[in-house]
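For reference, the structure is listed below as structure tokens.
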Amino acid sequence: HPNIIPIFAVDEAEGFVFYVMAYVDGETLGERVRARGPMPASEATRILREVAWALGHAHRQGVVHRDVKPENIMLERGTGRALVTDFGIAAAIGADEGPAVAGTPEYMSPEQALGGELDARSDLYALGVTGYFLVSGRTPFAGKRAVDVVAQQVASPVPPIASTGVTVPRRLAQLIERCLAKSAAQRPASAQVLAEQLGSAIEARREVPAVLRAFVKRDGRVVGPGS
């Protein structure tokens, strides 16, 4: 898939299992946000849609990634293309994690944090956290101990994006927050559905002339020459 990093080989040497992947000239989303701050809504929407396309492809093959996060998504220099990497802890959809829970606490879905059965919607939760980070520069939950973060994922309501102080188009904020529903049934039905909704958000924004967007943002006052 054009948004999944190519893997050329998986091999083992003296008990060490390794992957041989394509080299990507670029940076991770985490590096991008830490260096330059939260992304503009249009760029964040495009990237989230590309990642949703990649996850949808993986899910159709029966694979859930389980560790979707900014550090596992690269931006190709020059093209800006998003590439999903690190399927190292991926599992078959419907697999029960059992007593050992793998993943990154800040990006775990509630069901993953509880060690339950996972399906594609668990990755959508992690993608929602990623989107939250892209537009605000922070994750919904944080803590000094992993167990504290996991507990928040399971039981604490997600702070609205608006509470972070950033201005994000309502439709994008709604899509990100829907991915962060505690119940998997309340999230988008699939990555493909989410990608389509993100695409609609992009097109809707393009259809509104820039001068009208500026007019609306300034409470009906056109600011600029002649105002």
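The values are calculated or read from the model by the stated rules, or taken from the named source; none is laboratory data. Only a predicted model underlies this, so the values are computations on that prediction, with no experimental measurement involved. Note that we place each Cβ from the backbone using ideal geometry, even for glycine, and neighbour counts take in every protein chain shown. Keep in mind that these areas ignore ligands, DNA and RNA; they rest on the heavy atoms of the full protein, side chains included. Shrake-Rupley method; radii C 1.70, N 1.55, O 1.52, S 1.80 Å.
Give me the net charge for the shell around Ala195: Cβ to Cβ below 13 angstrom, other residues only, Lys and Arg +1, Asp and Glu -1. Let's see the in-between values first.
On the way: positive: Arg46, Arg49, Arg60; negative: Glu50, Asp123, Glu196, Glu203.
With Lys, Arg at +1 and Asp, Glu at -1, the net is -1.
Please list the equivalent ellipsoid semi-axes of segment 37-191, computed as the square roots of five times the alpha-carbon gyration tensor eigenvalues, in descending order and whole angstrom. Please report the intermediate quantities before stating the final value.
On the way: eigenvalues 99, 74, 39 Å².
Each semi-axis is the square root of five times an eigenvalue, giving 22, 19, 14 Å.
Let me know the shape class of segment 1-68, please: from the alpha-carbon gyration tensor, a ≥ b ≥ c as square roots of the eigenvalues, rounded when a/c is under 1.5, otherwise prolate if a/b is greater than b/c, or oblate. Let's see the in-between values first.
On the way: a/c = 2.54, a/b = 1.53, b/c = 1.66.
Oblate shape, in that a/c is at least 1.5 and b/c is the bigger or equal ratio.
Please list 3J(HN,Hα) in residue order for segment 119-134, calculated via the Karplus relation 6.51 cos²θ - 1.76 cosθ + 1.60 where θ = phi - 60°; whole Hz, with x for glycine and proline.
10, 4, 5, 5, 5, 5, 4, 4, 5, x, 4, 4, x, 4, 5, 4
Any chance you could run the full-extension gain for Asp119 through Ala189? It's 0.36 nm times the residue separation minus the Cα-Cα distance, nm to one decimal.
On the way: separation 70, 0.36 × 70 = 25.20 nm, distance 1.08 nm.
24.1 nm is the gain from fully extending Asp119 to Ala189.
With every protein chain present, what accessible area does Glu76 have (1.4 Å probe, heavy atoms only), rounded to the nearest 10 Å²?
Result for Glu76: roughly 50 Å² accessible.
Could you look at segment 1-157 and say what percent of its accessible area is carbon and sulfur, using a 1.4 Å probe and all protein chains? Could the numbers behind the result be given before it?
Working: 4010 of 7300 Å².
Accessible surface attributable to carbon and sulfur in segment 1-157 totals 55 percent.
For Glu12 and Gln174 in one chain, what is 0.36 nm times their gap in residues minus the Cα-Cα distance, to one decimal in nm?
On the way: separation 162, 0.36 × 162 = 58.32 nm, distance 4.43 nm.
Value of the extension gain: 53.9 nm.
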